[in-house]
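All of the numbers you see were taken from the coordinates with simple rules; none came from a lab. Keep in mind that what you see is a predicted model, and the values were worked out from it rather than measured. As a convention, Cβ positions derive from the backbone with ideal geometry for all residues, glycine included, and neighbour counts pool all protein chains shown.
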Amino acid sequence: MKIELAYGHSGLSVELPGQADATIVRKPEIPRPADPRALIAQALDQPIACDGLAALAASAKSACILICDITRPVPNGLFLRPLIERLMQAGVPADGITVLVATGLHRPNLGVELQELLGDPWVSENVRVENHYARDEAAHIHLGTTATHQVPVGLNRQFVEADIKIATGLVEPHFMAGYSGGRKVIAPGVAHHETIRTFHSSRFMESEFATSCNLVNNPLHDTQLEIVAMLEGPVLSLNTVLDDARNLVYVSFGEVIASHMAAVDFARQSCEVTIGQKFSTVLTSSAGYPLDKTYYQTVKGMVTPLDILADGGDLIIVSECSEGFGSAEFRAAQRRLVEMGPETFLQTLTEKTLADIDEWQTEMQLKPMRVGSIQLYAPGLDDSDRGDTGVEMIDSPADAVARSLAKHGNNQIAVIPEGPYVVPFAQAGH
């Protein structure tokens, strides 16, 4: 049986052993709209929990539109121009409109990559496009501290001061914040580094509620809601949901929290899949391009299938890692993990109130390491990179599957071709 896994641009074909009894975990088929641009227009015409954009922007002199960085396959090319044109028609001058790449603490997107991200040259030809830099002190306004978890809040000045604030993005399962999109594009998307490092510290990451698809008592989600409430003026969001072929299947627009929740409700129907059992062998991916560009992002694919991985099982994951490892800070955290071991490394994290940059991804890697063995196929990593992963490197996913089935004496295997975009649960009502 041949399985096609999301991998880079072109996918990766893996031949499963003949004896494999495979459960393929996919999104259910979602009807595709005949005209995705009409779907966007409809969402803009029918805003959720707020007045229409024309009324909200009638007296506005400035607008800031947040977009996700290159790690998310958001269909910006479909919605940015109509969104900007509606702002202009409402009277917002072109030189008062900024498209801001919500990088969080990721690297900026520049040059050809930025144009790929925008998806339409008209955007950069008509309005200002900039990247967020979380470590630029002058670029932020500090708004105070959240009440519940005492997080110091700093946000990008351009976004805070804009008359109209719009977050755009992709709503998908997120292994810490429950679901991406909406409020998450604001924080951490355009937050100050201390804000990001506080709610990515161990007291948040180790919470049992900071997990995929959960928004109830999730400390990251709760903090993000508090941060949004600190902003003045209209805060809006345009939220998209994609099917497994990256086709746009849903759009919501309106007040940031209400419109995001509408998209989450839609996404749950396809992204959360009940399987009914656990498996000793799980084969998954890092979702292909652009998410599998680095090992840093690959960790997401290791965490999302945990509910169906049996204790002592094997989690086999493929990721192109075309850009290699990730940030220097992430590499440093991984090296500490390898040198110290998981228990000592975690102890160093719990002693901090402010996480080191990107070490939270290493902390999330500890979660699958507590359950079973992680085996990684990533030919884009060199020998030095491989040693810093802290996981077992493999040269053939098919051979790894065969070894795992034989080791456990069990031919059942779960295969998740789309990786972290689909979250399997062993039981209903998870």
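Miscellaneous remarks
- Straight-distance candidates among the aspartates and glutamates for linking to Lys165, with alpha-carbon spacing under 12 Å and chain neighbours fewer than 8 residues away dropped: Glu232, Glu255.
- Fewest neighbouring Cβ atoms within 10 Å first, the residues Val228, Val190, Val273 line up as Val273, Val228, Val190.
- Table column - 3J(HN,Hα) (Hz), segment 391-400, Karplus curve with 6.51, -1.76, 1.60, x for Gly and Pro: 10, 7, 8, 10, 9, 8, x, 4, 5, 5
- Reachable aspartates and glutamates from Lys27, criterion Cα separation under 15 angstrom, eight or more residues apart if same chain: Glu4, Glu172, Asp243, Asp244, Asp265, Glu272, Glu418
- Shape of segment 287-353, Cα gyration tensor, a/c cut at 1.5: oblate
- Signed unit charges on C-beta, dipole axis of the chain, positive-most listed residue Cys213, Asn131, Ser404: Cys213
- Here the contact order of segment 203-350, divided by its residue count and restricted to Cα pairs under 8 Å and six or more residues apart, works out to 15 percent.
- Residues whose amide H falls under 5 Å from that of Thr23, counting only those 5 or more places apart or on a different chain, are Ile413, Ala414, Val415, with hydrogens built in the peptide plane.
- Rounded to whole numbers, the Karplus 3J(HN,Hα) couplings from phi for segment 198-211 are 6, 8, 10, 7, 4, 5, 8, 5, 8, 5, 5, 8, 8, 8 Hz, using 6.51 cos²θ - 1.76 cosθ + 1.60 with θ = phi - 60°, and x at Gly and Pro.
- Mean residue ellipticity (222 nm) of the chain, computed from DSSP H runs ≥ 4 via -39,500 (n - 2.57), nearest 500: -10000 deg cm²/dmol
- Straight-line cross-link reach from Lys352 at under 29 Å between alpha-carbon atoms covers these lysines, not counting any fewer than eight positions away in the same chain: Lys184, Lys300, Lys367.
- Computed from the C-beta positions of Ala54 and Lys352, the FRET efficiency with R₀ = 45 Å rounds to 0.40.
- Efficiency of FRET between Asn411 and Arg386 - r from beta-carbon atoms, R0 25 angstrom, step 0.05: 0.30
- With both labels modelled 7 Å from their Cα along Cα-to-Cβ, the Arg26 to Glu208 distance reads 3.6 nm.
- Centre separation in Å (Cα based) which lies between segment 177-192 and segment 50-126: 16 Å
- Relative contact order [Cα under 8 Å, 6+ residues apart], the chain, whole percent: 21 percent
- Put simply, the amide H of Ile97, placed in the peptide plane, has neighbours under 5 Å in Ala63, Arg128, leaving out anything fewer than 5 places away on its chain.
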